[in-house]
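**Student:** Dropping the structure in here first, questions after.
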Amino acid sequence: MADFKKLYDAILNGDQKTAILVTEEALAENTDPQDLISKAMIPAMNEAGQNFECEEFFVPELLLAARAMKGSLKLIQPLLAATGAEPVGTVVIGTVKGDLHDIGKNLVSSMLEGAGFKVVDLGADVSADKFVAAVQSEKPDIICMSALLTVTMPSMKSTIEALNSAGVRDKVKVLIGGAPVTPEYASEIGADGYADNASTAVARARQLVA
Ligand code: B12
């Protein structure tokens with residue numbers, strides 16, 4: 001039986017070694033990777049965020065928690081990504097300008113790959129110009145933008161404006177997400193879709209290419 005509590009504590013306490021060990025054990029026992037993500041890893045990151053808000057955690061603790069989460073995710077990502085089938089569509093994904101949070105974006109990226117999309121990952125802190133250039137060179141069906149900070153959400157709007165100015169907005173669908181993003185914000189800035197987690201992101205992406 002996978003030790004969800006131990007994985008939760010290891011991520012919260014930034015103990016990457018234990019997080020990796022518990023993940024390896026759980027996967028060896030055929031635990032569903034999605035359960036590890038949704039029952040232990042994401043709740044631990046949420047608690048790290050709450051601790052940060054009430055000043056029990058500071059940036060170094062957040063960094064350690066993120067490092068532990070990434071260590072576990074590295075083991076899980078190949079399981080989410082392997083299909084080998086013809087791509088169902090191409091996605092360009094990135095975290096918007098000024099924002100360095102990439103864990104959620106990476107999760108969405110792996111799940112999309114697992115669902116058969118070709119994913120071009122531009123990384124974090126991606127400028128509007130870089131998104132536009134990727135739309136021109138990769139000709140994706142969808143661009144996915146992630147933002148975790150309220151102050152970086154406006155970069156989503158400016159990226160959509162830049163797509164418009166470059167004359168490519170009608171060639172691509174825009175899907176957005178990240179903890180502070182809402183469906184209302186998505187429609188306000190003219191995005192085509194929003195999802196609050198990686199599984200829903202896959203469902204929305206499928207609808208957008210259908
Ligand atoms: C880890 C973390 C960090 C790490 C990031 C490491 C990394 N490589 O990603 C570090 C330490 C670097 C960091 C830095 C900062 N952080 Co920080 N961080 C977090 C924390 C604790 C967890 C984020 C996370 O990884 N969650 C787990 C993932 C899986 O969830 P997720 O990102 O939400 O993604 C899911 C969905 O949102 C969705 N999704 C995500 N992207 C997309 C994209 C698309 C297209 C779709 C469809 C869906 C989708 O699917 C994902 C999977 O289910 C959050 C708290 C929180 N609970 O969110 C604070 C938090 C986001 N940070 C915060 C702050 C303030 C900061 C700093 C400004 C702190 C500082 N004073 O320096 C800096 C900013 C740095 C920068 N310029 O970006 C605040 C933001 C407040 C706000 N509303 O703006 C938060 C909310 C903490 C808090 N409660 O105060 N942080």
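**Student:** Can you give the log10 of the normalised intensity I(q)/I(0) at q = 0.10, 0.15, 0.18 Å⁻¹, computed with Debye over equal Cα scatterers of the range 30-138?
**Tutor:** Each listed q corresponds, in turn, to -0.35, -0.75, -0.99.
**Student:** Using each residue's phi in the range 109-125, evaluate 6.51 cos²θ - 1.76 cosθ + 1.60 at θ = phi - 60° and report the 3J(HN,Hα) Karplus result to the nearest Hz, with x for Gly and Pro.
**Tutor:** Once θ is set to phi - 60°, the couplings for the range 109-125 become 4, 5, 5, 5, 4, x, 8, x, 7, 7, 10, 9, 9, 8, x, 10, 6 Hz.
**Student:** OK, next. What distance in nm separates the simple spin-label points at residue 200 and residue 63, each placed 7 Å from Cα in the Cβ direction?
**Tutor:** Between residue 200 and residue 63, the label points sit 3.3 nm apart.
**Student:** Ignoring any ligand, DNA or RNA, what whole percent of the accessible area of the range 87-209 comes from carbon and sulfur when the probe is 1.4 angstrom?
**Tutor:** Percent of accessible area from carbon and sulfur atoms in the range 87-209: 51.
**Student:** State which entries of 6/118; 70/97; 5/157; 70/130; 74/171 exceed 30 angstrom in Cα-Cα distance in the structure shown.
**Tutor:** 6/118; 5/157; 74/171
**Student:** While we're on this one: Can you tell me, using C-alpha contacts under 8 Å and at least 6 residues apart, the relative contact order of the chain as a whole percent?
**Tutor:** Taking the mean separation of contacting Cα pairs over the length of the chain, I get 17 percent.
**Student:** With Cβ to Cβ distances under 13 Å as the rule, what net charge do the other residues near residue 111 carry (K, R +1; D, E -1)?
**Tutor:** With Lys, Arg at +1 and Asp, Glu at -1, the net is +1.
**Student:** Taking 0.36 nm per intervening residue step and subtracting the Cα-Cα distance, what contour gain separates residue 32 from residue 120 on full extension?
**Tutor:** Full extension of this stretch gives 29.1 nm more.
**Student:** Net charge near residue 16, counting Lys/Arg +1 and Asp/Glu -1 over other residues with Cβ under 9 Å of its Cβ?
**Tutor:** +2
**Student:** Additional query: For the range 75-181, what class follows from the C-alpha gyration tensor (a ≥ b ≥ c being the square roots of its eigenvalues): rounded when a/c is under 1.5, otherwise prolate if a/b is larger than b/c, else oblate?
**Tutor:** Verdict is oblate for the range 75-181.
**Student:** Across the range 149-161, in residue order, what do the Karplus-derived ³J(HN,Hα) couplings come to in whole Hz, using 6.51 cos²θ - 1.76 cosθ + 1.60 with θ = phi - 60° and x for Gly and Pro?
**Tutor:** 10, 4, 6, 9, 3, x, 5, 5, 5, 5, 5, 4, 4
**Student:** On to the next question. If N is the number of residues in the range 1-56, what value comes out of its Cα radius of gyration divided by 2.2 N^0.38 Å?
**Tutor:** Against the empirical 2.2 N^0.38 Å value, I get 1.13 for the range 1-56.
**Student:** Could you please state, rounded to a whole Å, how far the C-alpha centre of the range 42-94 is from the C-alpha centre of the range 16-38?
**Tutor:** 14 Å
**Student:** Out of every Cα pair in the chain, what percent are spaced more than 22 Å from each other?
**Tutor:** Everything past 22 Å amounts to 50 percent.
**Student:** Straight-line reach from residue 105: which aspartates and glutamates have a Cα under 16 Å away, not including same-chain ones fewer than 8 places off?
**Tutor:** Partners found: 113, 121, 125, 196.
**Student:** Expected output is a single nm value to one decimal: the length gained when fully extending between residue 136 and residue 149, i.e. 0.36 nm times separation in residues minus the C-alpha distance. What is it?
**Tutor:** 2.0 nm
**Student:** How large are Rg and Dmax for the range 26-92 when only the alpha carbon atoms are used, in Å?
**Tutor:** Just the Cα atoms of the range 26-92 yield Rg and Dmax of 15.3, 48 Å.
**Student:** In µm²/s, what is D for the range 146-200 at 37 °C and 0.692 mPa s, where D = kT/(6 pi eta Rh) by Stokes-Einstein and Rh is the Kirkwood radius from Cα pairs?
**Tutor:** D, rounded to a whole number, is 288 µm²/s.
**Student:** Now a separate question. What percent does the relative contact order of the range 69-119 come to when contacts are Cα pairs within less than 8 Å and at least six residues apart?
**Tutor:** So the answer I get is 51 percent.
**Student:** Per DSSP H run of at least 4 residues, take -39500 (n - 2.57); add these up for the chain, divide by its residues and hand me the 222 nm value, nearest 500 deg cm²/dmol.
**Tutor:** -16500 deg cm²/dmol
**Student:** Another one. Where only protein heavy atoms count, and the probe is 1.4 Å, what is the accessible area per residue for the chain in Å²?
**Tutor:** Value for the chain: 50 Å² per residue.
The values are calculated or read from the model by the stated rules, or taken from the named source; none is laboratory data. Only a predicted model underlies this, so the values are computations on that prediction, with no experimental measurement involved. With ideal geometry, Cβ positions are generated from the backbone for all residues, glycine too; neighbour counts draw on all protein chains shown. Side chains are part of the model used for accessible areas, which takes the heavy atoms of the whole protein and leaves out ligands, DNA and RNA. Shrake-Rupley method; radii C 1.70, N 1.55, O 1.52, S 1.80 Å.
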